[in-house]
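The values are calculated or read from the model by the stated rules, or taken from the named source; none is laboratory data. These numbers were taken from a predicted model, which means no experiment stands behind them. Don't worry about glycine lacking a Cβ; one is built from the backbone with ideal geometry, like all the others, and counts go over all protein chains shown.
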Amino acid sequence: MMKTTPFTEKHISLGAKMHEFAGYNMPIEYSGIIDEHLTVCRSVGVFDVSHMGEFWVKGPRALSFLQKVTSNDVSVLTPGRVQYSCFPNEEGGIVDDLLVYQYEPEKYLLVVNASNIEKDWAWCTAHNTEDVLLENASDRMAQLAVQGPLALDTLQKLTDINLSAIPYYHFTHGMLAGEREVIISNTGYTGAGGFELYFRPEAALKVWTAIFEAGMPFGIKPVGLGARDTLRLEMGFCLYGNDLNDTTSPLEAGLGWITKFIDGKNFIGRPVLERQKEEGVTRRLIGFELLDRGIPRPGYLLYAADGQVEIGHVTSGTMSPLRKVGIGMGYVKPEYAIPGTEICMDMRGRKLKARVVKPPFRK
């Protein structure tokens, strides 16, 4: 049987189209992907992301443990800061990408992808030679992402905390919608601004109802995973399982900025990734937009401009709801990764012209 979130019955009652995702019965769309996408870009939308995983890492050697298992430099965090990072494996691939929250100097929260909860938990416990306290809190947290330019105005009605004082990739915790100890994080996966909220599952419907009452004057809507995907793709954000996996390295994926080769940080896979940095990679993740009419889909092959030389493949693609052009991401040989380079995409035997561009696609 599929797993549920504290909001599953609410989604069904609102008429959402439901489908399995990462083992959960999740809403794919309500009023339509394009309508929901534009709602988030122009006003405010709410995503149920309670399927995501949350691990606590606690203890005197929590920092040492995280410096070993993640690629980014956790030592720069201070309480209230958030960091994007990944778990590299011994071959330089990516076990998962994640967010690292520093709650206290010896207390961190890791937020991982829903499809990788069991894999990530096994990875962390297998590499816990620092004897830190690991706690899998995934089933004891509900999470909503309130996203869009009017998200702050909506949520500010529900708390005395000055939300405008929370910088991007920072968080706080306190009272919101009458619920204590809500984690309020200025993060998101849409590029439209907003907050991600973590709270007890028992308070889920109370918080949901309060948010929608507060956002009613702004045209707030529930949003499904379909629009979450088109929104992240317009921003060029990677999706694990499409653009990232156990065989793609952060350097190939353009994530060198979260891969820190600093003294004393001997993270898993560092020797392989250092060699890649010195010698160069054999493929790079690009963004591209179609010059011909069509929609990129994962697995489509990419070719040089002449349509003869195969250079890579598509990992993510859609028709941009804002731009009304086909946009995609994919891995190609490095010499074809320069923005402005013209390439082709094979769509069921038709070679469509495309151009390499640097995301975001949404300006």
Within the range 11-32, restricting to residues that are polar (S, T, N, Q) and not in a strand (DSSP E or B), the one that is surrounded by the most Cβ atoms within 10 Å (Cβ to Cβ) is S31
All conditions in (1) in contact (Cβ under 8 Å) with a residue 40 or more places away in the chain; (2) not assigned by TED's automatic domain parsing to the domain that holds R42 are true of L225 except (2)
When the range 108-126 is checked residue by residue, the ones that are in contact with a Ser or Thr (Cβ under 7 Å, 6 or more places away or on another chain) and outside any helix (DSSP H, G or I) are none
When (1) out of contact with any Lys or Arg (no Cβ under 8 Å at 6 or more places or on another chain); (2) more than 22 Å from D246 (Cα to Cα) are applied to D97, the one that fails is (2)
In the set K333, K353, the lone residue that is touching a strand residue (DSSP E or B) at 6+ places or on another chain (Cβ under 8 Å), surrounded by 14 or more Cβ atoms within 10 Å (Cβ to Cβ) and farther than 11 Å from L290 by Cα is K333
State whether one or more residues within the range 170-178 are touching a strand residue (DSSP E or B) at 6+ places or on another chain (Cβ under 8 Å) and farther than 25 Å from W56 by Cβ. no
In the set V49, V40, V44, V57, the lone residue that is β-branched (V, I, T) and within 30 Å of E130 (Cα to Cα) is V57
* Within the range 40-54, identify whether any single residue is among the β-branched types (V, I, T), over 21 Å from the mean Cα position of the chain (by Cα) and surrounded by fewer than 23 Cβ atoms within 10 Å (Cβ to Cβ), and answer yes or no. => no
Residues of the range 314-333 being in contact with a helix residue (DSSP H, G or I) (Cβ under 9 Å, 6 or more places away or on another chain) and either assigned by TED's automatic domain parsing to the domain that holds D35 or in a strand (DSSP E or B) (or both), in sequence order, are S316, G317, T318, M319, I327, G328, M329
Filter the range 71-91 for residues that are touching a Pro at 6+ places or on another chain (Cβ under 8 Å) and not polar (S, T, N, Q); the one that is surrounded by the fewest Cβ atoms within 10 Å (Cβ to Cβ) is P79
### Query
If you check V95 against the conditions, is it crowded, with 22+ Cβ neighbours inside 10 Å and either of a type in the set (V, I, T) or assigned to a loop (DSSP other than H, G, I, E, B) (or both)?
yes
Within the range 70-84, the count of residues that are part of a helix (DSSP H, G or I) and within 19 Å of the chain's Cα centre (by Cα) comes to 1
A careful count of residues in the range 148-168 that are of a type in the set (D, E, K, R), within 13 Å of I211 (Cα to Cα) and not in a helix (DSSP H, G or I) gives 1
Can you confirm whether the range 38-61 contains a residue that is hydrophobic (A, V, I, L, M, F, W, C) and out of contact with any strand residue (DSSP E or B) (no Cβ under 9 Å at 6 or more places or on another chain)? yes
